[in-house]
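Enquirer: Below you will find the structure I want to go over with you.
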Amino acid sequence: MFQKILIANRGEIALRIQRACRELGIPTVAVHSTADAEAMHVRLADESVCIGPPAARDSYLNVPAILSAASITGADAIHPGYGFLSENADFADMVEAHGLTFIGPSAAHIRMMGDKIAAKSSMAALGVPLVPGSDGAVPDLETARAVAGQIGYPVLIKAAAGGGGRGMKVARDASELDEAFQVARAEARTAFGNDAVYMEKYLDRPRHIELQIMADMHGNVVHFGERDCSLQRRHQKLLEEAGSPAITAEQRDALGGIATKALSTLGYRNAGTLEFLYQDGHFAFIEMNTRLQVEHPVTEMICGVDLVREQIRIAAGNELGYGQSDIVFNGHSIECRITAEDPTTFMPTPGRVTTFHPPGGLGVRIDSALYSGYFVPPFYDSMVAKLIVHAATRADAINRLRRALDEFAVLGIQTTIPLHQRIVDDPEFQAGDYTIHWLEQFVARAVDRR
Ligand code: MV4
């Protein structure tokens, strides 16, 4: 097992990783920017190192500073969390080149999945279903027209280096194709320094369903079921649930079987998430995330597993020690991402938290680095807390979530707690009847009512 783990992140996820380390008896090193000297992840770590000024590029993305911090503290492994350097293959390479363990997949797999074209062709070759689309990159307009003719409009043009919604253009019909193609290409070149694009049939009302997998270094791969992440606004997820209200246990088993077999063949290791669009009873793979995700707790709640502990154990070379049939799904879990934002305009609201009173009780979990008196800095992501509930059924989980949201007090700054309270009271949400477009329409209706 590792002697000391450096956590290359901040906020709630740094705390989340520290907690797993502590239960494994592994000391932790926190790194922080000058803006985070008073942050909870620094206070609770065994050791801490200041790695630079507030801007992320000078601190949490500062590779030499992070590697130096690992070296001077004697850390032998680095957990990247999510965001920042978590899906940076060059960073993973450099960590290993310094004789340290990167707690995550191999740099080669991170690189493969970072190229969305390579990710799709690898998965397709292993029997994972895709959206109808181009076979690889679309090099020119002539090819784009031919592909659109084959798959039918509307089509989506996506950047190979994109992902998470960046660099996509819809063409509703042939008259829109030329411009969509040129703009997608130009934007991809500017945003990613890579103008490779590919095409897919545009699905107009899908759900976003993702599958959590875990693989050890001995060829064992399991899945921990799906999360429904359809409730998002501008590609920022607001609320996630496990399992999806839209899919059956049989569908989960079938998809899980295909996915675990594919990743076992690929030789993938550590945690990973396959993203699918789900519409009209069909799953289509779109991307794979090679990191621990923000919403991992809903999976932990229904599976009774500590995913971060598993990541660390696996990275140290341990076997999973259990198989798919040992993983039992129990009840339902919902996570609300609470951000320091105006709940109607979504303008960030950094500032001093005067009172932090989290809810408690049976089936309630708070992952947050807030405390009364903490100043939420303006430099980073605005998520300040995750409220996760677990109960026997979805209806019970919603009821518990309403109770927990009512109990939650974050004073001094505005948060999105009131927005979550409105979502939870909505009959369509309660019925599980939503697609990836539902939340934006819900928010627009709320603005109209003002
Ligand atoms: C799509 C799609 C419809 N059809 N692909 C956006 C994020 C990126 N991961 C993929 N995305 C989409 N790909 C096809 N062929 C619609 C989206 C999409 C979306 C997907 C998941 C969650 C939220 C979304 C919001 C808008 C568009």
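The values are calculated or read from the model by the stated rules, or taken from the named source; none is laboratory data. Because the structure is predicted, anything quoted here is derived from the model rather than measured. Backbone-built Cβ (ideal geometry, glycine too); neighbour counts: all protein chains shown.
Enquirer: If residue 367 satisfies all but one of (1) at pLDDT 95 or above; (2) out of contact with any strand residue (DSSP E or B) (no Cβ under 7 Å at 6 or more places or on another chain), what's the number of the condition it fails?
Expert: (2)
Enquirer: Separate question: Inspect all residues belonging to region 369-390 and state whether any of them is touching a Cys at 6+ places or on another chain (Cβ under 6 Å) and either touching a residue at least 24 places away in the same chain (Cβ under 8 Å) or in a loop (DSSP other than H, G, I, E, B) (or both).
Expert: The answer is yes; a qualifying residue exists.
Enquirer: For region 261-284, which residues satisfy the criterion of being away from the ligand (no atom under 14 Å from the Cβ), out of contact with any helix residue (DSSP H, G or I) (no Cβ under 7 Å at 6 or more places or on another chain) and within 23 Å of residue 314 (Cβ to Cβ)?
Expert: 261, 263, 264, 265, 267
Enquirer: Another question, then. Return only the number of the condition from (1) aliphatic (A, V, I, L, M); (2) in a loop (DSSP other than H, G, I, E, B); (3) in contact with a His (Cβ under 8 Å, 6 or more places away or on another chain) that residue 362 does not satisfy.
Expert: It is condition (3) that residue 362 fails.
Enquirer: May I ask you to verify whether residue 56 is modelled with pLDDT of 95 or more, surrounded by fewer than 16 Cβ atoms within 10 Å (Cβ to Cβ) and within 24 Å of the chain's Cα centre (by Cα)?
Expert: No; evaluated as a whole, the condition is false for this residue.
Enquirer: Can you tell me which residue within region 82-112, out of those that are more than 20 Å from residue 262 (Cα to Cα) and among the small types (Gly, Ala, Ser), is nearest to the chain's Cα centre (by Cα)? Walk me through how you get there before you give the answer.
Expert: At the first step, the residues of region 82-112 found to be more than 20 Å from residue 262 (Cα to Cα) are 82-103.
From what's left, among the small types (Gly, Ala, Ser): 83, 86, 89, 92, 97, 99.
Numbers: 83: 8, 86: 11, 89: 17, 92: 18, 97: 27, 99: 28 Å.
Residue satisfying both the conditions and the ranking: 83.
Enquirer: Can you find a residue in region 198-214 that is polar (S, T, N, Q) and crowded, with 22+ Cβ neighbours inside 10 Å? Explain how you work it out, then say what you get.
Expert: In the first step, residues of region 198-214 are kept if they are polar (S, T, N, Q); the result is 212.
Those still in the list that are crowded, with 22+ Cβ neighbours inside 10 Å too: 212.
The answer is yes, given that some residue of region 198-214 is polar (S, T, N, Q) and crowded, with 22+ Cβ neighbours inside 10 Å.
Enquirer: Residues to consider are 335, 287; find the one that is in a strand (DSSP E or B), within 14 Å of the ligand (Cβ to nearest atom), touching a residue at least 60 places away in the same chain (Cβ under 8 Å) and within 18 Å of the chain's Cα centre (by Cα). Let's see the steps before the verdict.
Expert: On the way: 335 fails: within 14 Å of the ligand (Cβ to nearest atom).
That would be 287, the only listed residue that is in a strand (DSSP E or B), within 14 Å of the ligand (Cβ to nearest atom), touching a residue at least 60 places away in the same chain (Cβ under 8 Å) and within 18 Å of the chain's Cα centre (by Cα).
Enquirer: With respect to residue 109, is the statement that it is surrounded by fewer than 23 Cβ atoms within 10 Å (Cβ to Cβ), more than 20 Å from residue 56 (Cα to Cα), touching a helix residue (DSSP H, G or I) at 6+ places or on another chain (Cβ under 8 Å) and of a type outside the set (Gly, Ala, Ser) true? It would help to see each step written out before you state the result.
Expert: Details: surrounded by fewer than 23 Cβ atoms within 10 Å (Cβ to Cβ): no; more than 20 Å from residue 56 (Cα to Cα): yes; touching a helix residue (DSSP H, G or I) at 6+ places or on another chain (Cβ under 8 Å): yes; of a type outside the set (Gly, Ala, Ser): yes.
Taking the combined requirement at face value, the residue does not satisfy it.
Enquirer: Does residue 25 satisfy the criteria of being surrounded by fewer than 19 Cβ atoms within 10 Å (Cβ to Cβ) and under 19 Å from residue 98 (Cα atoms)?
Expert: no
Enquirer: Among the residues of region 146-170, what is the count of those that are over 28 Å from the mean Cα position of the chain (by Cα) and surrounded by 15 or more Cβ atoms within 10 Å (Cβ to Cβ)?
Expert: 4
Enquirer: Now a separate question. Here are the criteria: (1) part of a helix (DSSP H, G or I); (2) over 23 Å from residue 78 (Cβ atoms). Tell me which single one residue 312 does not satisfy.
Expert: Of (1) part of a helix (DSSP H, G or I); (2) over 23 Å from residue 78 (Cβ atoms), only one is false for residue 312: (2).
Enquirer: Go through region 135-170 and report how many residues are assigned to a loop (DSSP other than H, G, I, E, B), of a type in the set (Gly, Ala, Ser) and within 11 Å of the ligand (Cβ to nearest atom).
Expert: Final tally of qualifying residues: 2.
Enquirer: Can you say whether residue 299 is part of a loop (DSSP other than H, G, I, E, B), in contact with a helix residue (DSSP H, G or I) (Cβ under 9 Å, 6 or more places away or on another chain) and among the hydroxyl-bearing types (Ser, Thr, Tyr), as far as the supplied structure shows?
Expert: The answer is no for residue 299.
Enquirer: So residue 319 ticks every box in (1) part of a strand (DSSP E or B); (2) of a type in the set (Asp, Glu); (3) surrounded by fewer than 17 Cβ atoms within 10 Å (Cβ to Cβ) but one. Which box is left unticked?
Expert: If we test residue 319 against (1) part of a strand (DSSP E or B); (2) of a type in the set (Asp, Glu); (3) surrounded by fewer than 17 Cβ atoms within 10 Å (Cβ to Cβ), just (1) comes out false.
Enquirer: Regarding residue 236, is this residue farther than 29 Å from residue 317 by Cα, near the ligand (Cβ under 10 Å from one of its atoms), surrounded by fewer than 20 Cβ atoms within 10 Å (Cβ to Cβ) and among the polar types (S, T, N, Q)?
Expert: On the way: farther than 29 Å from residue 317 by Cα: yes; near the ligand (Cβ under 10 Å from one of its atoms): yes; surrounded by fewer than 20 Cβ atoms within 10 Å (Cβ to Cβ): yes; among the polar types (S, T, N, Q): yes.
It is true that residue 236 is farther than 29 Å from residue 317 by Cα, near the ligand (Cβ under 10 Å from one of its atoms), surrounded by fewer than 20 Cβ atoms within 10 Å (Cβ to Cβ) and among the polar types (S, T, N, Q).
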